[in-house]
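Data first, discussion second: the structure below is written as C-alpha cells.
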Amino acid sequence: MYQPVALFIGLRYMRGRASDRFGRFVSWLSAIGITLGVMALVTVLSVMNGFERELENNILGLMPQALITTPQGSLNPQMIPPSALSSLSGVQRIAPLTTGEVVLQSARSVSVGVMLGMDPNESDPLFRYLVNVKQQALQPGEYQVILGEQLALQLAVKRGDQLRLMVPSASQLTPMGRIPSQRIFTVAGTFVSNSEVDGYQLLVNQQDASRLMRYPAGNITGWRLWLDEPLTVDVLSTQTLPAGTVWKDWRERKGELFQAVRMEKNMMGLLLSLIIAVAAFNIITSLGLLVMEKQGEVAILQTQGLTQRQIMTVFMVQGGSAGIVGALLGALLGVLLASQLNTLMPMLGLLIDGAALPVAIDPLQVVSIALSAMLIALLSTLYPSWRAAAVHPAEALRYE
C-alpha cells in the first residue's frame, strides 16, 4: 500500500470523488483565496519597496545621511580624526562637512536653503549632476556657490550673478545689534538631480562655509557618514561614539516622510493579509463540513487501525495542501505580475505620459510571505482535524 497512508488518503480527499463536486469546489476555493491573497501582497509590497528605494536613492543618496558632530555644533578634525570613527559599523565612507541652514537673497527674490560646504577634491553624489560647471570651481576664498536648478529659478539668478548668503544661527554683534553672519557669493553654476534637493541645497567650498558659520579656524560641522543601509539608522545611531560627540542623521529633516511611507507599507500589508485570513477561515469551514460528511469513513478508518494522529494528519494534509498550492502559485503569479506591471498598466490606460511605477521585488520577502501563508493554512486545519480524530467509531456507525 502507498506509504504513508495518511498522506495518500489526504491527497485523495483533496482531489475528491467525481460525484463530490461541492467538496472539490470548496477545497479549490480555499486554494484560490490563498493564491489571490499572496499574489496581491507580493505585488503591492514590491511596488511599495520600489517607492521606498526611489526615495532612498533620490533623497537620502544626495543629502547627508549621518553626521558626527559635537553639542557645540562644530569640531576640530585634528582633535577628532576620522580614524576615531573606524569602529562604527555600516559606514561606507567618511568625509568632512560644513553645513547649515541659510537665507539666500538675490536682486529679485529671497529663499531659504541648506548649505553644504565640501572639499572640491572629494567625491560627492551631487557632483555627477553639475551643469556646465566643474567641482573645482569651489576654490577656497573665491566664495563661489552652485545652486540646485529649482532654487536658482526661485531666486531668478544665473551663472555669474551675485547673491547674499545669511546664516541666522551665526550672528555677530554690531552697533545696531546682532545681525546674521553674511557674505556675497557668486553663482558658479547649477546642478539638476531631478529630486527635491534641487529646490533647497547649495554647494560651497568647505573653508568658505566654515568662515560664514563663524567656526574657529580649521573647524568643520562634523564628519559626514555614507551608510550601507541609510534606513537602518535606528540601530546604527546606538553605536558607541568618541567622547564629546553626538550623532545626527537624516531623520531630523526627512524622518516624517519615511515614517509615513513605512506606515503606509505596513498598513497595506496588513489589509491585504486579511485576504489570506479569510481564505484560512474558508479552510476551517470547508474542513468542518468535510469532517461532518465523512464521519462514517473516519470511523471505518479507525476500525481498520488508523490512530487519532493519523486521522488528524489526513485532514491536515487536505487543508494544508490547499494552502501550499495556493501560496506557491500566488508567489509565482505575484512575482510575474510585479515584474510586468509597467507593461500591463499602460495597456489598461492607468499610466500616462510615459510614467512608470518603481518596482523592487525582494526574494526574501516573497519567500517569507509564501511561508507565512502556508503556516496560516496549516494552523487553520488543526481544529477541524482534531474534531475528526475525536469521532467515536461506535456512535458514527450506529446508523450506517
When Ser46 is evaluated against the numbered criteria (1) crowded, with 19+ Cβ neighbours inside 10 Å; (2) over 29 Å from Gly323 (Cβ atoms); (3) not hydrophobic (A, V, I, L, M, F, W, C), which criterion, by number, is the only one it fails? (2)
The residue from Asp208, Asp198 that alone is over 30 Å from Leu55 (Cα atoms) and either among the small types (Gly, Ala, Ser) or touching a Phe, Trp or Tyr at 6+ places or on another chain (Cβ under 9 Å) (or both) is Asp208
Any helices (runs of 4 or more DSSP H) falling wholly within the stretch 286-400 and containing at least 3 residues that are at pLDDT 80 or above and within 22 Å of Val44 (Cα to Cα): 308-339, 341-347, 363-380
Of the residues Leu272, Leu241, Leu290, which is outside the structural domain of Tyr383 (by TED's automatic domain parsing) and at negative phi? Leu241
Just to be sure, is Trp223 within 17 Å of Asn58 (Cβ to Cβ) and in contact (Cβ under 8 Å) with a residue 60 or more places away in the chain? no
Does the stretch 189-201 include one or more residues that are over 30 Å from Arg262 (Cβ atoms) and either part of a loop (DSSP other than H, G, I, E, B) or in contact (Cβ under 8 Å) with a residue 12 or more places away in the chain (or both)? yes
When the residues of the stretch 92-112 are filtered to those that are polar (S, T, N, Q) and more than 21 Å from Tyr215 (Cα to Cα), which remaining residue is surrounded by the most Cβ atoms within 10 Å (Cβ to Cβ)? Ser111
Applying the selection to the stretch 208-220, what residues are without any contact (Cβ under 8 Å) to a residue 60 or more places away in the chain and in a helix (DSSP H, G or I)? Arg211
Please enumerate the residues belonging to the stretch 127-146 that are in a loop (DSSP other than H, G, I, E, B) and hydroxyl-bearing (Ser, Thr, Tyr). Tyr143
So for the stretch 89-107 (the condition being touching a Ser or Thr at 6+ places or on another chain (Cβ under 8 Å), modelled with pLDDT under 90 and assigned to a loop (DSSP other than H, G, I, E, B)), does at least one residue qualify? yes
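The values are calculated or read from the model by the stated rules, or taken from the named source; none is laboratory data. Worth saying up front: this structure is predicted, and the values here are computed from it rather than measured. Because the Cβ atoms are built from the backbone with ideal geometry, glycine has one as well, and the counts that use them run over all protein chains shown.
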